[in-house]
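Here's the structure, in structure tokens; my notes come after.
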Amino acid sequence: MKICQVERPLVSTNRIAMMEHKHLQVVIDGSSKLVAVDAVGAKPGDWVICVGSSAAREAAGSKGYPSDLTIVGIIDHWPPPGSETDEAAAGGGADSGEGPAASSGADSAGGEPGADKAGGA
Amino acid sequence: MKICQVERPLVSTNRIAMMEHKHLQVVIDGSSKLVAVDAVGAKPGDWVICVGSSAAREAAGSKGYPSDLTIVGIIDHWPPPGSETDEAAAGGGADSGEGPAASSGADSAGGEPGADKAGGA
Amino acid sequence: MKICQVERPLVSTNRIAMMEHKHLQVVIDGSSKLVAVDAVGAKPGDWVICVGSSAAREAAGSKGYPSDLTIVGIIDHWPPPGSETDEAAAGGGADSGEGPAASSGADSAGGEPGADKAGGA
Amino acid sequence: MKICQVERPLVSTNRIAMMEHKHLQVVIDGSSKLVAVDAVGAKPGDWVICVGSSAAREAAGSKGYPSDLTIVGIIDHWPPPGSETDEAAAGGGADSGEGPAASSGADSAGGEPGADKAGGA
Amino acid sequence: MKICQVERPLVSTNRIAMMEHKHLQVVIDGSSKLVAVDAVGAKPGDWVICVGSSAAREAAGSKGYPSDLTIVGIIDHWPPPGSETDEAAAGGGADSGEGPAASSGADSAGGEPGADKAGGA
């Protein structure tokens, strides 16, 4: 999965019916811009996990959905606390943004209060 | 999904029967040229959303269609109003073209008059 | 789909049985060389359309065929008449070759005499 | 499959339910960072084999799992003993780490004691 | 399909059960190293054809096999006789190796004696 930063929503009025009304986001992947279906409700500045390949389809809402890139998670802390990139405040493409769970200490797989807020597709 | 600009139609008389008579467009992806099946009726200069992977097949018209890149939407405004690229009028590969909905204000997911004009495949 | 130029046939005597006896071509994609199953009968110098991903399999002849790149069409004119590349006679990787339908005028989706000559796989 | 080095775990509290509670790792692939589902229990510094494409889904635990990159094995010795990279102690991206089976001699397909410790997904 | 050169076998003792005991090879693709399942029995120095995408799975032995890159053929002559690369003896990544059928003349699709020696997976 790629680590991308959400830049802004993308509006495409004239699109195939199969796309339904799902939200599209412009995301920055290194130095290129891509479009991803947003399955979690991210906002500009969020660092997100984007899945591609055939997995992107079902992650967007159904096996037949026409997506090849879908946002499946918002990263709690990026760049990670204590990493070089974090200290240099470079943080890749656009300005460093931090995900919703901003407390610096407790990074645990179990999650923090308010976990699993991501809506389904 | 990639953000590409349509350059021109591609003519290939000698092609496998599975491709039927669907229109092919040469699109510019950064600095390389690709060929995409056109599922929306784009024209040269349009900025479009192109889906790849297995999703491109069904988006082109049927689960078995032999496409790995399909135009699924025309972007309303590209580059987006107020972005650096917009002000610099650089706009990527070829000349900046703007999609059909040229009014600068109302960018909304709901769409503008004349929405959903994209034909199916 | 990629726009590639056919360089030469590729001979691989020691190959898995699933590949049957289908012809393989070395094709030039920008600056790299790839191998594609030839589903149309192209010759060295031809500019061709190559499909990848899961679509390459069925395009090569059957859903289970082990291909990830298949030549599905020969481009009528490449580079296109009137384009910069055409005037500069650069034409990418190897020497510019032109597809079978060499008349410069009538580029139409409907095709020219002798259309749909591509055999199936 | 790619040869990557595990950098650290990735925490994403706000993620789609389909991802369940599987562990994610940030891995270094050359000069870029990716996120992979960990199906073997790797630790930071391990050199691992990562599978992508549709294979990543089932390797992560089920046919429908939304992964496009899954760690499927830990490499016994990387860089391999006696290779240039090994002597130069360059070893790619981050510091060279060696997989669990650190004895320098017996590289055999049959495995060493403690083989097949990888749990399923 | 990619044209790669086999560098050496890869040993990974700690790997998911789905991978069974199939042989893995480190292959050189241009300037990067990848891991491929070996379905033909190649040896270091061989120039091989590697298939990716969903085709790699069945080519490795079964529809569900977790591979995204599988060696499906050994190239008879690489670089091809008479090509620039052949005369310059550059031959890409590592030293130029030639496939099993070393006679310079008879390159034919029909194959040479001892054809189809590749075992199934």
Rounded to the nearest 10 Å², the accessible area of B:Ile71 at probe 1.4 Å: 0
Computed accessible area, C:Ser62, all protein chains, 1.4 angstrom probe, square angstrom: 50
Interface burial for E against D (accessible surface, 1.4 Å probe, total of both chains, Å², rounded to 100): 2400
Per-residue ³J(HN,Hα) for segment D:4-13, Karplus 6.51 cos²θ - 1.76 cosθ + 1.60, θ = phi - 60°, Hz, x for Gly and Pro: 10, 10, 6, 9, 6, x, 10, 9, 9, 6
Nearest-first distances (nm) between copies at D:Lys22, label 7 Å from Cα via Cβ: 1.8, 1.8, 2.9, 3.0
Under 5 Å, built H, 5+ apart or other chain: amide partners of A:Ser32: none
Ranked order, C:Lys22, D:Lys2 - accessible area, probe 1.4 Å, largest first: D:Lys2, C:Lys22
Identity and axial distance of the chain D residue whose Cβ lies nearest the axis relating D to C, Å: D:Ser54, 4
At most 16 other Cβ within 10 Å, DSSP loop - GluC sites (Glu not before Pro), segment B:1-90: B:Glu20
Inter-centroid distance (Cα atoms) of segment E:1-16 relative to segment C:1-45, Å: 23
Other-chain or far-sequence residues with amide H under 5 Å of C:Arg8's (modelled H): C:Val26
Label geometry 7 Å along the beta-carbon vector: C:Gly64 inter-copy distances in nm: 1.6, 1.6, 2.6, 2.6
Inter-label distance, nm, simple model (7 Å from Cα along the C-beta direction), A:Ser62/C:Ser83: 3.7
Under the Karplus curve 6.51 cos²θ - 1.76 cosθ + 1.60, θ = phi - 60°, whole-Hz ³J(HN,Hα) for segment E:74-81, x wherever Gly or Pro sits: 9, 7, 4, 9, 8, x, x, x
Solvent-accessible heavy-atom area per residue, rounded to whole Å², over segment B:2-74 at 1.4 Å: 30
Karplus-derived 3J(HN,Hα), 6.51/-1.76/1.60, for each residue of segment D:38-47, Hz, glycine and proline x: 9, 9, 10, x, 8, 10, x, x, 5, 8
Cα-Cα P(r), segment C:2-74, percent of pairs per 10 Å interval: 23, 56, 21, 0
Residue-level accessible surface for C:Cys50, protein heavy atoms, 1.4 Å, Å²: 0
Placed amide H near A:Thr13: partners under 5 Å, 5+ positions off or other chain: B:Asp76
Estimated FRET transfer efficiency (D:Ile28, B:Lys22; beta-carbon r; R0 51 Å; 0.05): 0.80
Dipole magnitude (debye, nearest 20) for segment E:2-74, charges at Cβ of Lys, Arg, Asp, Glu: 80
Copies compared at B:Gly82 - label distances in nm, ascending, label defined 7 Å from Cα in the Cβ direction: 3.9, 3.9, 6.3, 6.3
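The values are calculated or read from the model by the stated rules, or taken from the named source; none is laboratory data. Model, not experiment: these values are computed from the prediction. All Cβ positions, glycine included, derive from the backbone under ideal geometry; neighbour counts span all protein chains shown. In case anyone asks, the SASA skips ligands and DNA or RNA and just uses the protein heavy atoms, side chains included. Shrake-Rupley method; radii C 1.70, N 1.55, O 1.52, S 1.80 Å.
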